[in-house]
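The values are calculated or read from the model by the stated rules, or taken from the named source; none is laboratory data. These numbers were taken from a predicted model, which means no experiment stands behind them. Quick reminder, even Gly has a Cβ in these numbers, built from the backbone with ideal geometry, and neighbours come from all protein chains shown.
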Amino acid sequence: MINTCVTVFKLEKFIPSDSHTYDELFRDIDKHQEVRVRRSKDISKVLLKERISGKAISDSQDFAPYLDINAHEGGDFDLRYAENLPKNCGLNVIWFEGETSGNEYVKKIDCRKQWCAICGGKNGKVHKSRMHSILSRVNPDLYNMRQFVFTIPEILRPVFQDRDKLSELFSMSKQVIEKHFGVKDFDKYGHVKKYHLEKPVIGYLHAFGDQDQGIFKPHINVHILEAKTEKLKLSDSILQSIKKSWLKKLKKYEASLEVVDVQYSFITKKGKFLHKLKYMCRPWSKEDYDSIKDESLKRLLVLDMSGFQYLRYWGKLSNRTYKDEMDLSEIKQECESKIDEKLIQRSNVTPMNFESYKNILIEIDEGFYLVKRRGQENEPEKCKEITTSE
């Protein structure tokens, strides 16, 4: 006779949310859908922003973003997905109808990503948009220009490979400019409490230099717009004081720093003035991105810096409200400004085969088209028919 001894182990209760992150993902998806239902009145705007940004509009502190879930899983889908967004640039449209005429219109939707061959880089969509933003605020005939370039030593570049630190870089350069070109605010005892800018000032973040493509060299460019009568040449003592202020700011991150580089120049001719504006507001490009070897830098630029303002207005220009040109209402207003009637939106963002439609599309403005009616012959003078494949 064989005696069998059996040991019984009591199993702990299986709780999915504590043991498998997919449970959290499924709950998150349900919550996202609930938010969309609650915001059904704005569904077209929601879908547009989600398609362009690659991020759910309901992502917030209360909801774990899809991309964060993927990052917790150790996957790389988030970066690869964002990198591929430009592949759909210009292939999606919004359909509109003229409120009075009943005409049909089509507006191309650009991705507006700096790593896009069409939107990024010199003379791309982002560059043109920034230049338009500046010239809508600044009349080049009224001003001369001071230009400062605040650089950081190579030893500090890894420190500033971070979104928050780059915002600090902007803030520090603004504080230096305020101290030397701003107006003093005094407390009740007659001591200087702070400084504030009254002059029109523009700040730009450049992530790369003119050489060594793909190497992270963050620096802040600042344009101070001065009256034509203002003397622009600075004494050596003032330049040294500015450098000393910048050194003091950077010592916060590396106490051993002894020398910093701050470059100064000034412009009095309109042609050079416009050239400097155009040069400084250019975004980085697909070529820059493709040259990057550091995967963490790619993540910073594509994911972490999403929505970051590379161009900032200070002083007299700071009271202007920033407009998101990818917002549906802004797109609609832009289209309405090209024609003489209000528009009714007839679709959400939808794919379109331009090759199939090219014979009936008449270009009103870049990326904005009138759909030719059957038998229609007379077209607006500023329209032109598409003759090449999209």
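Quick notes on this structure:
- Number of positions in region 351-369 that are farther than 13 Å from residue 108 by Cβ and assigned to a strand (DSSP E or B): 1
- Residue 179 vs. criteria out of contact with any Pro (no Cβ under 8 Å at 6 or more places or on another chain), at negative phi and assigned to a helix (DSSP H, G or I): yes
- Tallying residues that are part of a helix (DSSP H, G or I) and either without any contact (Cβ under 8 Å) to a residue 12 or more places away in the chain or among the hydroxyl-bearing types (Ser, Thr, Tyr) (or both) within region 271-294 yields 5.
- Residue satisfying all of: in region 217-234; under 17 Å from residue 153 (Cα atoms) and not hydrophobic (A, V, I, L, M, F, W, C); surrounded by the fewest Cβ atoms within 10 Å (Cβ to Cβ) among these: 217
- Residue pairs meeting the criteria (Cβ under 9 Å; at least 6 apart or on separate chains; first under 15 Å from residue 265 (Cα atoms), in region 137-151; second buried (at least 17 other Cβ atoms within 10 Å of the Cβ) and among the hydroxyl-bearing types (Ser, Thr, Tyr)): 148/173; 150/173
- Hits in region 235-259 (condition: surrounded by 13 or more Cβ atoms within 10 Å (Cβ to Cβ), free of Cβ contacts under 8 Å to residues at least 60 places away in the same chain and in a loop (DSSP other than H, G, I, E, B)): 251
- Put simply, of 116, 111 the only residue that is buried (at least 16 other Cβ atoms within 10 Å of the Cβ) and touching a Lys or Arg at 6+ places or on another chain (Cβ under 7 Å) is 116.
- Hey, residue 169 closer than 27 Å to residue 258 by Cα, at pLDDT 95 or above and part of a strand (DSSP E or B) or not: no
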